[in-house]
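Following: one structure in structure tokens, then a few remarks.
Just so it is clear, none of the values below were taken in a lab; they were calculated from the coordinates. In this text the structure is predicted, and so the values were computed from the model without any measurement. All Cβ positions, even for glycine, are placed from backbone atoms using ideal geometry, and neighbour counts span all protein chains on display.
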Amino acid sequence: MVKHGYIHIPFCKNICSYCDFCKLFYDTGYVCRYLEALKGEIETFYQGEPLTTIYVGGGTPSSLSLAELEQFFSIISVLQRDDDCEFSIEANFDSITVEKLELFKKYGVNRISFGLETTHSWILKKMNRTLDIEYVNYIISYCKKIGITNINVDLMYAFPGETLEEVEEDIDFILSLDVSHVSTYSLILEEHTKLYLDKENSISEELDAQMYELICSKLSNYYHYEISNFAKDDFYSQHNLCYWRNDQYYGFGLGASGYLKNIRYNNTRSITHYLQRSYHYDEETISDCDKIEYQVILNLRTKWGISKEEFFIRFDRQLADVYNYSKLVYDGYLIDNGNFVFIPEKYWYLSNEIIVRLLEECSYE
């Protein structure tokens, strides 16, 4: 049964120079038509299951006006929610207001993910972003005041020219906010972004690793439960855990992706096609071998790794019968504690290489 849903709001008041997500400049005429098309997509594909998580991402969902947000929440009210549903929405500090926060609260949003990225003015300028530190403090405090205490803040690092000291200053500011969750992202210069077209150079791998190590050490009071994510207490991102557990989920909206039964699909990134109700761009039927590979790749991003019991329940095979991972265990790159197989945290920075080595040892038939 599908228990999770992602909804994409592609509109932004300005386009960040590093962003390769599906996005459009905000236009009130397009927003109205887009929301009607979104309503049509949900009515077409949603099967009425009660959802454990709903995640509204972008783009910048908080760029919508109060009236547009009212329309949006009315449209998605057809999505049934479990009593303890994690209902998340993304927001940027340059487009959020207390009125919008109160509207989120009114419609049951109980988790907000804020795109902070950095506090340094020269980096913000390169990113084509602005930030008012005092306003950040005010908004975070207001969230807590109205009872939205499940708050994530995004940190981006490894920006060309950035120093370790600047990364540390950003982390110290985030720590001062006392939020329940922090997500960190090493900048990737994606094709077709302004930074890529401006021929910016990536920082060295050595410096990138040093920044990652610094972040992990500074956030030691948080539980480092996934390569890039840190949580206090039990404030894990339940929605993102559905991806890392390889669970099924709906993907609604322009450029959204979904996983239903044996199908992984991507929605069109063309606003013209989407408004014409031509939603899915491509679909891929997933084989049993593909499912196993996805399970391994995604599970190994987390602190818990691969549950042997869950693996057997899903695939009717023992993990050790599919992958020969004894050499990786012997070398210390994997740990097998009898119930789980996982990458020790000290090697998370090398996780991609470790996962590739493991996949090479597959004996699935």
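Find the relative contact order for the range 68-151 and round it to a whole percent, using C-alpha pairs within less than 8 Å whose residues are 6+ positions apart. Intermediate values should be presented prior to the final figure.
Values: 66 pairs, mean separation 28.6, N = 84.
Answer for the range 68-151 is 34 percent.
First measure r as the distance between the Cβ atoms of Glu309 and Asn110, then evaluate 1/(1 + (r/R0)^6) with R0 = 22 Å and state the FRET efficiency to the nearest 0.05.
Numbers: r = 31 Å, r/R0 = 1.39.
In this case the efficiency is close to 0.10.
Based on the mean of other Cβ atoms within 10 Å per residue, sort peptides 49-58, 285-294 so the most packed one is first. Present the calculation step by step, with values, prior to reporting the outcome.
Details: 49-58: 21.2, 285-294: 14.3.
Order by mean packing, descending: 49-58, 285-294.
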How large is the helix-only mean residue ellipticity at 222 nm for the chain, computed as the sum of -39500 (n - 2.57) over DSSP H runs with n ≥ 4, divided by its residue count, in deg cm²/dmol to the nearest 500? -11000 deg cm²/dmol
Mind giving me the nanometre distance, one decimal, between the label points for Asn137 and Asp321, set 7 Å out from Cα along Cα→Cβ? 6.1
Value of relative contact order over the chain, rounded to a whole percent, pairs C-alpha under 8 Å and six or more apart: 16
Using a ≥ b ≥ c from the Cα gyration tensor of the range 1-129 (square roots of the eigenvalues), is it rounded, prolate or oblate, where a/c under 1.5 gives rounded and otherwise the larger of a/b and b/c decides, a/b for prolate? prolate
Counting other C-beta atoms within 10 Å, which of Met1, Met127 has the fewest, and how do the rest follow? Met1, Met127
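List the trypsin sites (Lys or Arg not before Pro) in the range 18-65 that DSSP assigns to loop (not H, G, I, E or B) and whose Cβ has at most 16 other Cβ atoms within 10 Å. Which are they? Please list the in-between numbers first.
Numbers: sites: Lys23, Arg33, Lys39; in loops: Lys23.
Sites meeting the loop and neighbour criteria: none at all.
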At what distance in nm do the modelled label points of Ser121 and Leu214 sit from each other, each positioned 7 Å from its Cα along Cα→Cβ? 2.1
Ranked Trp348, Trp122, criterion: other C-beta atoms within 10 Å, fewest first: Trp122, Trp348
Would you list Ile133, Ile139, Ile271 from fewest to most Cβ contacts within 10 Å? Ile133, Ile271, Ile139
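For a test of the definition: using alpha carbon positions, the gyration tensor, and the 1.5 limit on a/c, classify the chain as rounded, prolate or oblate. Intermediate results must be reported in sequence, preceding the final value.
Values: a/c = 1.59, a/b = 1.17, b/c = 1.36.
Oblate is the answer for the chain, as a/c is 1.5 or above yet b/c matches or exceeds a/b.
Quick one: if the Förster radius is 35 Å, what FRET efficiency do Thr285 and Leu359 give, using the C-beta to C-beta distance and rounding to 0.05? The partial results should precede the final answer.
Working: r = 20 Å, r/R0 = 0.58.
With R0 = 35 Å, the Cβ-Cβ based efficiency is 0.95.
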For Lys106, give me every one of the lysines with a C-alpha distance below 20 angstrom, ignoring sequence neighbours fewer than eight places off in its own chain. Lys144, Lys145
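Any of Lys3/Lys261; Lys303/Lys327; Lys126/Lys199 with alpha carbons more than 18 Å apart? Name them for me.
Working: Lys3/Lys261 12 Å; Lys303/Lys327 20 Å; Lys126/Lys199 13 Å.
Violating the 18 Å limit, Cα to Cα: Lys303/Lys327.
So how much slack lies between Asn14 and Leu350, counting 0.36 nm per residue of separation and subtracting their Cα-Cα distance, in nm? Mind showing how you got there, number by number?
Working: separation 336, 0.36 × 336 = 120.96 nm, distance 3.45 nm.
Between Asn14 and Leu350, full extension yields 117.5 nm more.
For the range 304-365, what does the relative contact order come out to in percent, with C-alpha contacts under 8 Å and a separation of six or more? Write out the running numbers ahead of the final one.
Values: 61 pairs, mean separation 24.8, N = 62.
Worked out over the range 304-365, it gives 40 percent.
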Name the residues of the range 172-210 whose amide N is less than 11 Å from a point 7 angstrom out from the Cα of Leu164 along the C-beta direction? 207-210
